[in-house]
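Here the structure comes first, spelled out in structure tokens, and everything after it is commentary.
The values are calculated or read from the model by the stated rules, or taken from the named source; none is laboratory data. Just so it is clear, the structure is predicted and the values come from calculations on it, not from any experiment. Cβ sites come from the backbone with ideal geometry, for glycine too, and all protein chains shown count toward neighbours.
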Amino acid sequence: MMDVNINPKRQVSQVGDMVSTENDHLYVIVKDEDERAFPYHLVCLRTFTVIQSYDELPTDDELEEDIGETISAVFSHHDANITLNER
């Protein structure tokens, strides 16, 4: 079980922003400081896999295309609290 408490905002604006979809999937934007060509990565928090890499912060349209779902909200990591519980 996972509890997520966050305050929504409208579009990705910084590294660490989390993206929620209409089907309740959660993704995060991370940056690999050592990567020069495509340092920004969209990571699925369900599978902890990189979905896509970008040369700059992606737009919401780019994210929706890569995720294959409509974004329902974007959240700042500064306002988020994620707790993972064992089943």
Within the set of pairs 6+ apart or on separate chains, which have a first residue in the stretch 6-25 that is closer than 14 Å to THR59 by Cα, a second that is in a loop (DSSP other than H, G, I, E, B) and at pLDDT 85 or above, and C-beta atoms under 7 Å apart? VAL12/LEU57; VAL12/PRO58
So which of ASP3, ASP79, ASP32 is of a type outside the set (Lys, Arg), more than 12 Å from the chain's Cα centre (by Cα) and at pLDDT 90 or above? ASP32
